[in-house]
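See structure below.
The values are calculated or read from the model by the stated rules, or taken from the named source; none is laboratory data. This is a predicted model, so every value here is computed, not measured. Glycine gets a Cβ as well: all are built from the backbone with ideal geometry, and neighbour counts include every protein chain shown.
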Amino acid sequence: MDKLSPDFMDDLRRLRVLREFRERGTVTATAQALHLTPSAVSQQLSGLSHDLGFPVTRRSGRRIVLTPRGDALLSHADVVFAHLEHARHDLQTWDEALRGTVTIGAFSTALAGLLPTALDTLAAEAPELVVKLRQAEPPVLFDQLDAGQVDLAIAVSFEGSPMLGDPRYHRVELGPDVLDVALPASHPQAADRTIDLRDLATDAWITGSPSGCCATITATACAAAGFTPDIRYQVDDWLAVTQLVAHGHGVALLPRLAQRDLPPTLVLRPVARQQPRRHLFAAIPAGAQGSPLLQKILSHLTN
């Protein structure tokens, strides 16, 4: 079979640069994401404009922005890349089906609490399949999915997360992960069957980093109960959170996926009335929906 023409490959490369520019907003950020120099990015964009016969970017003050034609071009490019991705996965199914290698990216508690059981079943059904795992959080996780470094991403809904209608991804909801109150066994409320968060208004609180999903959920739940939590500790390691609680240094909201191997001096109680929860989802590239392998993995995750 004849090789693809160099012009075709150059066009694809330039379109990828233009797509990345749309996502990043600046030439410098685009260069960093693609491991290029800013001048190389500028040359790619200029070359694309030259070959097309119209500018795809323009200056707006000190910034470079997309032209209306450049933006319209990208709407067509998204379709082209989705079809190419679909073709790649379709051809893989000819000989690979449930063989080969697949890389899954996920956040830490999904790796510990969600994936092991799914991988057990998958290993029994597809013993020739090699599964690789990468721990990553959004937005880095979706950068890896866009770059093809992972084939499937598992994440929690967050501000800026891909919505159901995002044309770049096929998104599958995996259900809620409820958060319970973690208390030291010596706490006055530890004997209660459920916890009214108002009873913890004067306690020290432990959360993740301020930009994280669970920190936001904690702040929202406490605000709904009428107070602002006194956050003394901000740590992203659930083992550290549970140890701090067990030793009496504070209270926390703990996702059920993270409720494993807990210290005996820690107790868990559901929140009274409306239980806080985070929502899990999986995402694959839009063009990969026809992959039997990815569909098989998604089916195990949803079950």
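Just for strands (runs of 3 or more DSSP E) wholly inside segment 52-160: which have at least 3 residues that are closer than 15 Å to A288 by Cβ, over 24 Å from the mean Cα position of the chain (by Cα) and modelled with pLDDT of 95 or more? It would help to see each step written out before you state the result.
On the way: elements: 57-60, 63-66, 100-106, 129-135, 152-156.
Qualifying strands (runs of 3 or more DSSP E): none found.
Those residues that are surrounded by fewer than 20 Cβ atoms within 10 Å (Cβ to Cβ) and either within 20 Å of R256 (Cα to Cα) or in contact (Cβ under 8 Å) with a residue 24 or more places away in the chain (or both), I need them from segment 181-190; list them, please. Write out each step before concluding.
So in segment 181-190, the residues surrounded by fewer than 20 Cβ atoms within 10 Å (Cβ to Cβ) come out as 184-186, 188-190.
Residues satisfying the conditions are P184, A185, S186, Q189, A190.
For segment 151-165, what are the residues that are surrounded by fewer than 18 Cβ atoms within 10 Å (Cβ to Cβ), touching a residue at least 40 places away in the same chain (Cβ under 8 Å) and touching a strand residue (DSSP E or B) at 6+ places or on another chain (Cβ under 6 Å)?
Within segment 151-165, S157 is the sole residue that qualifies.
Taking segment 166-190 as the region of interest, how many residues are in contact with a strand residue (DSSP E or B) (Cβ under 9 Å, 6 or more places away or on another chain) and either basic (K, R) or in a loop (DSSP other than H, G, I, E, B) (or both)? Steps first, answer last, please.
Restricting attention to segment 166-190, the residues satisfying the condition of being in contact with a strand residue (DSSP E or B) (Cβ under 9 Å, 6 or more places away or on another chain) are 166, 168-185, 187, 189-190.
Pick out the ones that are also either basic (K, R) or in a loop (DSSP other than H, G, I, E, B) (or both) and you get 166, 168, 171, 185, 187, 189-190.
Residues flagged as in contact with a strand residue (DSSP E or B) (Cβ under 9 Å, 6 or more places away or on another chain) and either basic (K, R) or in a loop (DSSP other than H, G, I, E, B) (or both) within segment 166-190 amount to 7.
Under the condition of being among the aliphatic types (A, V, I, L, M) and out of contact with any strand residue (DSSP E or B) (no Cβ under 8 Å at 6 or more places or on another chain), which residue from segment 191-218 is nearest to Q274 (Cα to Cα)? Steps first, answer last, please.
First pass over segment 191-218, keeping only residues among the aliphatic types (A, V, I, L, M): 191, 195, 197, 200-201, 204, 206, 215, 217.
Next, only the ones that are out of contact with any strand residue (DSSP E or B) (no Cβ under 8 Å at 6 or more places or on another chain) stay: 191, 201.
On the way: A191: 20, A201: 17 Å.
By that ranking, first place goes to A201.
Would you mind stating whether A240 is closer than 30 Å to H89 by Cβ and either free of Cβ contacts under 8 Å to residues at least 60 places away in the same chain or in contact with a Phe, Trp or Tyr (Cβ under 8 Å, 6 or more places away or on another chain) (or both)? Step through it out loud before you land on a result.
On the way: closer than 30 Å to H89 by Cβ: no; either free of Cβ contacts under 8 Å to residues at least 60 places away in the same chain or in contact with a Phe, Trp or Tyr (Cβ under 8 Å, 6 or more places away or on another chain) (or both): yes.
In short, no.
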